[in-house]
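Notes to accompany the following structure.
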Amino acid sequence: MDLPSTMSGVALTGHGGPEKLVCRDDLPVSPPGPRDVLIKVSAAAVNNTDINTRTGWYSKNEADSEDAGWSGNALQFPRIQGADVCGYIVAVGDEIDPSRIGERVLVEPCIREANGKQLKTPWYIGSECDGGFAEFTRIAARHAYPVKSDLTDIELASFPCSYSTAENMLTRAAVKQGDTVLVTGASGGVGSAAVQLASARGARVIAVTSPAKSDKLKALGVDVTLDRDADYLAELGAGQIDVVIDLVAGPKWPSLLEVLRPGGRYAVAGAIAGPIVELDVRTLYLKDLSFFGCTVLEPEVFGNLVKRIERGDIAPLVAETYLLREINAAQEAFGAKGYIGKIVLDLK
């Protein structure tokens, strides 16, 4: 196809509130470099990371936002966000087989190559480079995974960021058949993905959620639900959990370590209840616990996720769909947390 020079999309113009998201029709289209593909985006989901990046939440220095990107560096504005991308390859670079044109692909959100170079520190789509909240996005060909599935583009867009994050946590924590896994924040995008993926591994899953969402989570493979306001230690008992998959942190964090067995594994990729926690180091070393901070995807994770999608091991959970120009309403609905799964933007 003849590539346009400009496109429609949403530009993040700086850190702040929803007013920093500006719909534009004059965003430049970046032609693919020699090792790149250009993707016509058909759907892109909304994530915590979109809002956290916009507000500068990742910065540890409240005085400025010089470390507010995923990599710990300042973001460059304007930036096109959107870490969940489903679309179709419409152009390829000189070093890429032209037969890839027309492929339906999912984009790996954690990338190790950009602009023809290997990155010393991985980037995240929509943070260190432009993402899917626009008509087109450019990416190194190795990060565009063809997917063969009967699912719709909107359904497929619910997978990349949340499910790869969950798959990475389970991979790092070596979750296996017979493990008892406690998932906090289980009704969110990553949490509900972790529930499905842990169940697919043959683990027994305990989900922390609200009572109103209990039945829906049990339908996804949860064995037991636990009210988020409950006393975890009193309800579960000490030393009963093999793996904690934590997306919440916050004031109740110490009890997550108490319920772990000796030799247990703790993996974390979120802190929606607060990033500052109290740790008794004696609990860590006397129980021989292993901690896994999970941001950068292990190399095999995204390919394994695509295989699970193609086999039907996991199901998409699309709660609501919005048009791209309705992004502020979509993010407001996302923040209300009155749903299970993902909110997806339709770009067709």
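Given the conditions (1) in contact with a Gly (Cβ under 8 Å, 6 or more places away or on another chain); (2) in a loop (DSSP other than H, G, I, E, B); (3) of a type outside the set (Lys, Arg); (4) under 17 Å from residue 300 (Cα atoms), report the number of the one that residue 185 does not fulfil.
(4)
Would the stretch 329-346 turn up any residue that is in contact (Cβ under 8 Å) with a residue 60 or more places away in the chain, farther than 28 Å from residue 258 by Cα, part of a strand (DSSP E or B) and polar (S, T, N, Q)?
No, the stretch 329-346 has no match at all.
Inspect the stretch 303-321 for any residue being more than 18 Å from the chain's Cα centre (by Cα), among the charged types (D, E, K, R) and either open to solvent by less than 60 Å² (accessible area, probe 1.4 Å) or farther than 21 Å from residue 165 by Cα (or both) and give the result as yes or no.
Checked the stretch 303-321: no residue is more than 18 Å from the chain's Cα centre (by Cα), among the charged types (D, E, K, R) and either open to solvent by less than 60 Å² (accessible area, probe 1.4 Å) or farther than 21 Å from residue 165 by Cα (or both).
Pull up the stretch 145-180, narrow it to residues that are in a helix (DSSP H, G or I) and of a type in the set (Asp, Glu), then point me to the one that is farthest from residue 196 (Cα to Cα).
Ranking the candidates gives 153 first.
Look at the stretch 33-45 and say how many of its residues are farther than 12 Å from residue 346 by Cβ and open to solvent by less than 10 Å² (accessible area, probe 1.4 Å).
Residues meeting the conditions: 4.
So which helices (runs of 4 or more DSSP H) are wholly in the stretch 214-293 and hold at least 1 residues that are surrounded by fewer than 13 Cβ atoms within 10 Å (Cβ to Cβ), without any contact (Cβ under 8 Å) to a residue 24 or more places away in the chain and more than 27 Å from the chain's Cα centre (by Cα)?
It comes to 232-236, 281-286.
Any chance you could count how many residues in the stretch 145-168 are buried (at least 24 other Cβ atoms within 10 Å of the Cβ) and among the aliphatic types (A, V, I, L, M)?
3
Would you mind telling me which numbered condition in (1) over 29 Å from residue 83 (Cα atoms); (2) not in a helix (DSSP H, G or I) residue 316 fails?
So the condition that residue 316 fails would be (1).
Determine the pairs where a residue that is without any contact (Cβ under 8 Å) to a residue 60 or more places away in the chain, located within the stretch 295-320, has a partner that is assigned to a loop (DSSP other than H, G, I, E, B) and open to solvent by less than 40 Å² (accessible area, probe 1.4 Å) with Cβ atoms under 8 Å apart, the partner being 6 or more residues away or on another chain.
That search, which allows pairs on different chains as well, returns 319/339; 319/340; 319/341; 320/339.
Quick test for you: out of 234, 174, pick the one residue that is small (Gly, Ala, Ser), at positive phi and modelled with pLDDT of 95 or more.
174
Please go through the stretch 322-348 and pick out each residue that is within 19 Å of residue 191 (Cβ to Cβ), open to solvent by less than 10 Å² (accessible area, probe 1.4 Å) and of a type in the set (Val, Ile, Thr).
343, 344
Can we say residue 195 is more than 25 Å from residue 284 (Cβ to Cβ), β-branched (Val, Ile, Thr) and surrounded by fewer than 19 Cβ atoms within 10 Å (Cβ to Cβ)?
Answer is no for this residue.
Tally the residues that are in a strand (DSSP E or B) and either open to solvent by 30 Å² or more (accessible area, probe 1.4 Å) or β-branched (Val, Ile, Thr) (or both), restricting the search to the stretch 198-213.
5
So if I check each of 73, 115, which one is polar (S, T, N, Q), open to solvent by 10 Å² or more (accessible area, probe 1.4 Å) and touching a Gly at 6+ places or on another chain (Cβ under 8 Å)?
Being polar (S, T, N, Q), open to solvent by 10 Å² or more (accessible area, probe 1.4 Å) and touching a Gly at 6+ places or on another chain (Cβ under 8 Å) holds for just one of 73, 115, which is 115.
Can you tell me which residue within the stretch 118-137, out of those that are more than 19 Å from the chain's Cα centre (by Cα) and open to solvent by 30 Å² or more (accessible area, probe 1.4 Å), is nearest to residue 95 (Cα to Cα)?
118
So which of 180, 184, 171 ends up being touching a residue at least 24 places away in the same chain (Cβ under 8 Å), closer than 26 Å to residue 286 by Cα, open to solvent by less than 10 Å² (accessible area, probe 1.4 Å) and among the hydroxyl-bearing types (Ser, Thr, Tyr)?
Being touching a residue at least 24 places away in the same chain (Cβ under 8 Å), closer than 26 Å to residue 286 by Cα, open to solvent by less than 10 Å² (accessible area, probe 1.4 Å) and among the hydroxyl-bearing types (Ser, Thr, Tyr) holds for just one of 180, 184, 171, which is 184.
Exactly one of these conditions fails for residue 190: (1) surrounded by fewer than 21 Cβ atoms within 10 Å (Cβ to Cβ); (2) under 18 Å from the mean Cα position of the chain (by Cα); (3) within 30 Å of residue 76 (Cβ to Cβ). Give me its number.
Of (1) surrounded by fewer than 21 Cβ atoms within 10 Å (Cβ to Cβ); (2) under 18 Å from the mean Cα position of the chain (by Cα); (3) within 30 Å of residue 76 (Cβ to Cβ), only one is false for residue 190: (1).
Mind counting the residues in the stretch 77-102 that are in contact (Cβ under 8 Å) with a residue 40 or more places away in the chain and in a loop (DSSP other than H, G, I, E, B)?
Selection size over the stretch 77-102: 12.
The values are calculated or read from the model by the stated rules, or taken from the named source; none is laboratory data. Just so it is clear, the structure is predicted and the values come from calculations on it, not from any experiment. We place every Cβ from the backbone using ideal geometry, glycine too, and count neighbours over all the protein chains shown. When the accessible area is computed, the model is the full protein with side chains, heavy atoms only, and any ligands, DNA or RNA have been set aside. Shrake-Rupley method; radii C 1.70, N 1.55, O 1.52, S 1.80 Å.
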